Amino acid sequence: MVMSPASAALAEATKTATSTITVTVTGLRSDKGVIRACLTSSADKFPKCNDAHSVTLVEPAAATVTMTFTNVAPGRYAIALLHDENNNNKADRALLMMPKEGFGFSRDAKVRFGPPKFKAAAFDVTSGAVHQTIKMRYMF
């Protein structure tokens with residue numbers, strides 16, 4: 001099959017098209033510290049996102065925080081958030097490993113006896129803009 005030049009250009013643009021993911025973070029209990037957000041397409045690395053294919057953003061905490069991931073290739077992704085109130089670059093824990101700081105996940109995935117699975121938080125990115133609103137949760 002022979003493609004016309006216009007069809008070939010459209011096919012190439014579709015292959016290399018990227019998206020922007022805007023995340024609105026709500027429900028923060030204070031404006032102390034920072035919000036750490038990681039975006040990953042790896043089910044095995046979620047929610048820690050400690051691999052080379054993850055992107056992490058850090059924004060100062062405020063009443064509402066907006067974060068933007070740019071140049072995101074098409075695929076299936078999940079986002080994990082941490083309200084690092086003391087800005088020590090880790091999730092502080094209390095009794096029984098319960099998080100002392102706020103957390104949240106894309107699609108507001110439910111937390112039951114630990115973080116949600118990738119499948120519960122995952123969403124598709126095709127082209128254009130994608131928006132996620134994530135409400136922070138606190139155990140203490």
Query raised in the report: Any chance the stretch 68-77 includes a residue that's closer than 21 Å to PRO115 by Cα, surrounded by 12 or more Cβ atoms within 10 Å (Cβ to Cβ) and either in contact with a Phe, Trp or Tyr (Cβ under 7 Å, 6 or more places away or on another chain) or touching a residue at least 40 places away in the same chain (Cβ under 8 Å) (or both)?
Result: yes
Query raised in the report: in contact with a Gly (Cβ under 7 Å, 6 or more places away or on another chain) and farther than 16 Å from MET139 by Cα, is that true of ASN87?
Result: yes
Requested in this report: From ALA129, ALA91, grab the single residue that is assigned to a strand (DSSP E or B) and either more than 14 Å from PRO47 (Cβ to Cβ) or modelled with pLDDT under 95 (or both).
Outcome: ALA129
Report summary line: Within the stretch 1-40, the count of residues that are farther than 20 Å from ASN87 by Cβ and modelled with pLDDT of 95 or more comes to 8
Query raised in the report: Do we find a residue being modelled with pLDDT of 95 or more, in contact with a Gly (Cβ under 7 Å, 6 or more places away or on another chain) and closer than 22 Å to ALA43 by Cβ anywhere in the stretch 101-109?
Result: no
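The values are calculated or read from the model by the stated rules, or taken from the named source; none is laboratory data. What you are looking at is a predicted structure, and each value in this text was computed from that prediction instead of being measured. Backbone-built Cβ (ideal geometry, glycine too); neighbour counts: all protein chains shown.
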